[in-house]
Amino acid sequence: MVGNGSDSDVVAVEVGDDGVVLVTLRRPPANALGEAMIAGLGSACDRAEAVGAGAMVVRSAVAGFFAAGADLHLLDGLDRDRFVAYLGRLRAVLDRIAAAPWVSVAAIEGHALGGGLEVAMACTLRVASDRSRLGVPEVKLGLLPGAEGTQRLPRLVGRGPALDLLLTGRSAGGEEAYRIGLVDRLVPEGRADAEARAWAAAFAAGPRQAHAAIIRCVDAARDLPLEDGVEVERREIVALFDTADAGEGIRAFLEKRPPRFGS
């Protein structure tokens, strides 16, 4: 059984031949987000940057849990300043995942709660099993999600469904999470990891610069007025037009063959 341990103990990082970086959370019994877990996620981002990752999968090796949120034993011993510092480190690593140039996919089996759901929401996309449970139960502790969960959740599901989950602290099952847009693909129990890896491999084999540009454009549509978002789109497509991948994609289409993207 892995305790607090080092960051490499609780977060394993593998780089596949397909360009997918596999990030495995492995801190039984519930993958609580202690300091080593936060550091391990940061190390995973460092490794992905170093190898030029094409995509990333965040998954769990702990049965029944993707991740269960903050380590309450850790929080119970913190004063206000140390609590603020802890939140800052967690937010920083989730921001790195969210802003990364690669597509990240969370593979959710079992419970994704509190900070664990915030990790999943920082990923580009989410795959969940139909037996998973997703929620933000911090209100039951007299708190609220402090790693940007109150901001990411309504951006994914809208104000009403977000308030339902945040104010009640209840968990949504996989089917409800899929219906409200909290997860992007729903699979039978035990299939989330395989689905996430296949999805990520397809992204890694694709035009990576175009993927990153598309994500920036969609985020602009969410965050900016229409005219500003259109300007972001204009800049991105002009920049892509000069890339080797765009040239390859156009030639492959005209030559009626599969493209061989290399970015």
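Values for this structure:
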read-out	value
For GLY174: the one exception among (1) farther than 30 Å from LEU141 by Cβ; (2) under 19 Å from the mean Cα position of the chain (by Cα); (3) assigned by TED's automatic domain parsing to the domain that holds ALA55	(1)
Residue check for VAL127: within 16 Å of the chain's Cα centre (by Cα) and modelled with pLDDT of 95 or more	yes
Matching residues, region 238-253, being loosely packed, with under 14 Cβ neighbours inside 10 Å and touching a residue at least 24 places away in the same chain (Cβ under 8 Å)	ALA239
Scan of region 132-176 for residues that are of a type in the set (S, T, N, Q) and either at pLDDT below 95 or surrounded by 15 or more Cβ atoms within 10 Å (Cβ to Cβ) (or both), ordered by number	SER132, THR150, SER171
Number of positions in region 33-65 that are part of a strand (DSSP E or B), within 22 Å of ALA204 (Cβ to Cβ) and in contact (Cβ under 8 Å) with a residue 60 or more places away in the chain	5
Failed criterion for ASP193 (all others in (1) acidic (Asp, Glu); (2) surrounded by fewer than 19 Cβ atoms within 10 Å (Cβ to Cβ); (3) assigned by TED's automatic domain parsing to the domain that holds ALA53; (4) assigned to a helix (DSSP H, G or I) hold)	(2)
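The values are calculated or read from the model by the stated rules, or taken from the named source; none is laboratory data. All figures in this text were calculated on a predicted structure; none of them were measured in a lab. All Cβ positions, even for glycine, are placed from backbone atoms using ideal geometry, and neighbour counts span all protein chains on display.
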